[in-house]
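Below is one structure, written out as structure tokens, with a few remarks after it.
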Amino acid sequence: MSEHIRTSVLFVCLGNICRSPTAEGVFTALVERHGLAGSILVDSCGTGDWHIGRAPDSRATAAAAKRGYDLRHLRARQVNIDDFDRYHYILAMDESNLRDLQALRPHHHKGHLGLFLEFAPNGDLVDVPDPYYRGDEGFVQVLDLIESASAGLLQRIVGEHS
Ligand code: 4NP
């Protein structure tokens, strides 16, 4: 039963200014639409430290706003070892992010560490492609992939608790 859900999700990319803040904004909105805001903690971070403290990339913010998601309040942070104890699901945007997280993972970690797109139904892609050096269409693709995987992830979480 959904009112008994107590879980937490951390989305991870490289810089925490494009893909993972987009995933945080999209998944948070989905959770709120399902009345689960008090039940599922959502956050994002980056494996790198270049953009700590910065707001999301303006292209990500603009693309998200066109679909009704507000990313402007988010600030980049770097992953840290305590995240492995705090979050039930740690979801990497691409295989490179996942390798970096696996290298940091404490031996006692029992949570779910994997690729976010494993939750996207019928998807062919393994990675959410890094849009940083691409044009606006890269950010649209990021949103499409993230919306799809977010729906699958919420379905999984609700299913696990029903
Ligand atoms: P993100 O995109 O990992 O989706 O936030 C990137 C942001 C910045 C850089 C690379 C990827 N960078 O090289 O600074």
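Selection of the range 128-153 for residues being within 11 Å of the ligand (Cβ to nearest atom), surrounded by 15 or more Cβ atoms within 10 Å (Cβ to Cβ) and without any contact (Cβ under 8 Å) to a residue 40 or more places away in the chain yields only GLY138. LEU14 meets the conditions (1) open to solvent by 50 Å² or more (accessible area, probe 1.4 Å); (2) more than 26 Å from VAL126 (Cβ to Cβ); (3) of a type in the set (A, V, I, L, M) in every case but one. The failed one is (2). A count restricted to the range 101-122 and to residues that are open to solvent by 20 Å² or more (accessible area, probe 1.4 Å) and either touching a strand residue (DSSP E or B) at 6+ places or on another chain (Cβ under 8 Å) or of a type in the set (Ser, Thr, Tyr) (or both) stands at 5. Restricting attention to the range 60-72, does a residue exist that is among the basic types (Lys, Arg), modelled with pLDDT of 95 or more, within 16 Å of the ligand (Cβ to nearest atom) and within 26 Å of SER96 (Cβ to Cβ)? The answer is no, given that none of the residues of the range 60-72 is among the basic types (Lys, Arg), modelled with pLDDT of 95 or more, within 16 Å of the ligand (Cβ to nearest atom) and within 26 Å of SER96 (Cβ to Cβ). The set of residues in the range 28-49 that are more than 16 Å from the ligand (Cβ to nearest atom), assigned to a strand (DSSP E or B) and open to solvent by 20 Å² or more (accessible area, probe 1.4 Å) comprises LEU41, VAL42.
When GLY25 is tested against the conditions (1) assigned to a helix (DSSP H, G or I); (2) within 12 Å of the ligand (Cβ to nearest atom), the lone failure is (2). Could you tell me whether ILE157 is under 15 Å from VAL26 (Cα atoms) and either touching a residue at least 40 places away in the same chain (Cβ under 8 Å) or in a loop (DSSP other than H, G, I, E, B) (or both)? Considered against the rule, which asks whether it is under 15 Å from VAL26 (Cα atoms) and either touching a residue at least 40 places away in the same chain (Cβ under 8 Å) or in a loop (DSSP other than H, G, I, E, B) (or both), ILE157 comes out as no. Scan the range 78-86 and tell me whether some residue there is out of contact with any Gly (no Cβ under 6 Å at 6 or more places or on another chain) and at pLDDT below 95. Among the residues of the range 78-86, not one is out of contact with any Gly (no Cβ under 6 Å at 6 or more places or on another chain) and at pLDDT below 95, which makes the answer no.
The values are calculated or read from the model by the stated rules, or taken from the named source; none is laboratory data. Here the structure is a predicted model, which is why all the values come from computation and not from measurement. Ideal geometry is used to build each Cβ from the backbone, glycine not excepted, and the neighbour counts take in all protein chains shown. The area values use the complete protein model at the heavy-atom level, side chains included, leaving out ligands, DNA and RNA. Shrake-Rupley method; radii C 1.70, N 1.55, O 1.52, S 1.80 Å.
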